[in-house]
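Take a look at the structure below.
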Amino acid sequence: MQYEIINLRDHPEYKGEAAAWFHAKWGIPLEAYLDSMERCVKNTDAVPQWYLARTDRMIGGLGVIENDFHNRKDLTPNVCAVYVEESCRCQGVAGGLLDHVCQDMAGKGIGTLYLLTDHASFYERYGWEFFCMVQGDGEDEPSRMYIHRTKEENP
(Lines give C-alpha, C1' and ligand atoms only; values in the text may rest on other atoms or scores of the structure.)
Protein backbone atom coordinates (compact mmCIF):
# COMPACT_ATOMS: atom_id res chain seq x y z
CA MET A 1 0.00 0.00 0.00
CA GLN A 2 1.32 3.42 -0.97
CA TYR A 3 0.77 6.11 1.63
CA GLU A 4 2.51 9.19 2.95
CA ILE A 5 3.03 10.24 6.56
CA ILE A 6 2.87 13.97 7.02
CA ASN A 7 3.38 16.29 9.96
CA LEU A 8 0.34 18.51 10.30
CA ARG A 9 2.61 21.43 11.27
CA ASP A 10 4.02 21.29 7.73
CA HIS A 11 0.58 20.89 6.09
CA PRO A 12 -1.93 23.07 7.96
CA GLU A 13 -4.34 22.78 5.03
CA TYR A 14 -5.37 19.37 6.44
CA LYS A 15 -6.28 20.70 9.91
CA GLY A 16 -10.07 20.77 9.46
CA GLU A 17 -10.21 17.40 7.74
CA ALA A 18 -7.93 15.84 10.34
CA ALA A 19 -9.87 17.24 13.30
CA ALA A 20 -13.15 15.92 11.88
CA TRP A 21 -11.57 12.52 11.17
CA PHE A 22 -10.15 12.11 14.71
CA HIS A 23 -13.43 13.36 16.22
CA ALA A 24 -15.36 10.71 14.25
CA LYS A 25 -12.99 7.96 15.44
CA TRP A 26 -12.70 8.85 19.12
CA GLY A 27 -15.73 10.98 20.00
CA ILE A 28 -13.62 13.69 21.65
CA PRO A 29 -15.19 17.10 20.89
CA LEU A 30 -14.22 18.50 17.51
CA GLU A 31 -13.25 21.78 19.16
CA ALA A 32 -10.64 20.00 21.31
CA TYR A 33 -8.95 18.60 18.21
CA LEU A 34 -9.17 21.92 16.39
CA ASP A 35 -7.63 23.76 19.35
CA SER A 36 -4.78 21.26 19.71
CA MET A 37 -4.11 21.25 15.97
CA GLU A 38 -4.17 25.04 15.83
CA ARG A 39 -1.53 25.13 18.58
CA CYS A 40 0.46 22.52 16.63
CA VAL A 41 0.61 24.58 13.44
CA LYS A 42 1.10 28.00 15.09
CA ASN A 43 3.50 27.30 17.97
CA THR A 44 7.12 26.34 17.86
CA ASP A 45 6.76 24.09 20.93
CA ALA A 46 7.40 20.40 20.43
CA VAL A 47 3.98 19.49 21.89
CA PRO A 48 1.29 19.18 20.65
CA GLN A 49 2.04 17.47 17.34
CA TRP A 50 -0.23 15.63 14.90
CA TYR A 51 0.71 13.12 12.22
CA LEU A 52 -1.43 11.87 9.35
CA ALA A 53 -1.14 8.82 7.11
CA ARG A 54 -2.66 9.67 3.72
CA THR A 55 -3.31 8.23 0.32
CA ASP A 56 -5.88 10.34 -1.51
CA ARG A 57 -7.63 10.47 1.89
CA MET A 58 -6.78 10.03 5.56
CA ILE A 59 -6.16 6.40 6.43
CA GLY A 60 -4.51 6.80 9.83
CA GLY A 61 -3.10 9.19 12.33
CA LEU A 62 -1.96 9.96 15.84
CA GLY A 63 -1.07 12.88 18.02
CA VAL A 64 1.36 13.85 20.76
CA ILE A 65 -0.13 15.76 23.68
CA GLU A 66 0.92 16.49 27.26
CA ASN A 67 -1.55 14.10 28.92
CA ASP A 68 -3.96 11.58 27.43
CA PHE A 69 -6.64 11.85 30.13
CA HIS A 70 -4.97 9.92 32.98
CA ASN A 71 -3.84 10.52 36.54
CA ARG A 72 -0.06 10.31 35.96
CA LYS A 73 0.69 13.88 34.94
CA ASP A 74 4.42 13.15 35.36
CA LEU A 75 4.36 10.70 32.41
CA THR A 76 4.53 13.12 29.52
CA PRO A 77 4.27 13.65 26.58
CA ASN A 78 1.74 11.07 25.42
CA VAL A 79 1.12 9.59 22.00
CA CYS A 80 -2.65 9.67 21.61
CA ALA A 81 -5.52 8.88 19.27
CA VAL A 82 -3.67 6.14 17.35
CA TYR A 83 -6.04 4.93 14.66
CA VAL A 84 -5.83 3.23 11.26
CA GLU A 85 -8.86 2.66 9.06
CA GLU A 86 -9.98 -0.96 9.25
CA SER A 87 -9.48 -1.52 5.52
CA CYS A 88 -5.85 -0.39 5.86
CA ARG A 89 -4.83 -2.42 8.91
CA CYS A 90 -2.14 -5.12 8.83
CA GLN A 91 -0.28 -3.21 6.13
CA GLY A 92 2.33 -1.43 8.26
CA VAL A 93 0.53 1.89 8.59
CA ALA A 94 0.42 1.91 12.41
CA GLY A 95 4.04 0.84 12.61
CA GLY A 96 5.02 3.53 10.13
CA LEU A 97 3.20 6.17 12.15
CA LEU A 98 4.74 4.99 15.44
CA ASP A 99 8.26 4.92 13.99
CA HIS A 100 7.75 8.35 12.44
CA VAL A 101 6.49 9.97 15.64
CA CYS A 102 9.36 8.54 17.69
CA GLN A 103 11.98 9.78 15.23
CA ASP A 104 10.36 13.18 14.78
CA MET A 105 9.98 13.79 18.50
CA ALA A 106 13.57 12.64 19.16
CA GLY A 107 14.64 15.24 16.58
CA LYS A 108 12.80 17.83 18.69
CA GLY A 109 14.73 16.74 21.79
CA ILE A 110 12.03 14.45 23.23
CA GLY A 111 13.42 10.94 23.43
CA THR A 112 10.86 9.43 25.82
CA LEU A 113 7.20 9.05 24.91
CA TYR A 114 4.29 7.45 26.74
CA LEU A 115 1.16 5.81 25.38
CA LEU A 116 -2.04 4.82 27.20
CA THR A 117 -3.91 1.82 25.82
CA ASP A 118 -6.02 -1.20 26.65
CA HIS A 119 -4.19 -3.24 24.00
CA ALA A 120 -1.65 -5.81 25.11
CA SER A 121 1.20 -6.99 22.84
CA PHE A 122 0.49 -4.72 19.84
CA TYR A 123 2.87 -1.87 20.76
CA GLU A 124 5.70 -4.19 21.79
CA ARG A 125 6.16 -5.02 18.09
CA TYR A 126 7.27 -1.42 17.55
CA GLY A 127 9.72 -1.07 20.44
CA TRP A 128 7.32 0.08 23.14
CA GLU A 129 7.55 -1.46 26.61
CA PHE A 130 4.86 -1.89 29.23
CA PHE A 131 5.62 0.66 31.96
CA CYS A 132 2.80 0.60 34.53
CA MET A 133 -0.94 0.71 35.05
CA VAL A 134 -2.57 4.16 35.28
CA GLN A 135 -6.06 5.35 36.00
CA GLY A 136 -7.79 6.95 33.03
CA ASP A 137 -10.09 9.90 33.74
CA GLY A 138 -13.62 8.59 34.24
CA GLU A 139 -12.58 4.95 33.73
CA ASP A 140 -13.52 2.17 36.15
CA GLU A 141 -10.46 0.02 35.48
CA PRO A 142 -6.81 1.05 35.08
CA SER A 143 -5.21 1.00 31.63
CA ARG A 144 -1.78 0.02 30.38
CA MET A 145 0.88 2.71 30.06
CA TYR A 146 3.69 2.05 27.61
CA ILE A 147 7.00 3.83 27.23
CA HIS A 148 9.29 4.29 24.23
CA ARG A 149 12.83 5.61 24.55
CA THR A 150 15.13 6.46 21.69
CA LYS A 151 18.19 4.23 21.49
CA GLU A 152 20.35 7.01 22.92
CA GLU A 153 18.27 6.95 26.10
CA ASN A 154 18.01 3.19 26.57
CA PRO A 155 19.90 2.03 29.66
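The values are calculated or read from the model by the stated rules, or taken from the named source; none is laboratory data. Keep in mind that this is a model prediction, so the values were computed, not measured. Surface accessibility is based on the protein's heavy atoms, side chains included, excluding ligands, DNA and RNA. Shrake-Rupley method; radii C 1.70, N 1.55, O 1.52, S 1.80 Å.
Computed values, structure above
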{"quantity": "Kirkwood hydrodynamic radius (C-alpha pairs) into Stokes-Einstein, the chain, 37 °C and 0.692 mPa s, D in µm²/s", "calculated": "208 µm²/s"}
{"quantity": "Between the stretch 11-58 and the stretch 118-132, the Cα center-to-center distance that results, in Å", "calculated": "24 Å"}
{"quantity": "MRE, 222 nm, helices only [DSSP H, n ≥ 4, -39500 (n - 2.57), over the chain, to nearest 500]", "calculated": "-8000 deg cm²/dmol"}
{"quantity": "Heavy-atom surface of the stretch 1-118, accessible at 1.4 Å and reported per residue (Å²)", "calculated": "47 Å²"}
{"quantity": "DSSP beta bridges in the stretch 37-91 [antiparallel fraction, %, rounded to 5]", "calculated": "100 percent"}
{"quantity": "Dimensionless Rg over Rh [the stretch 87-155; C-alpha; Kirkwood]", "calculated": "1.00"}
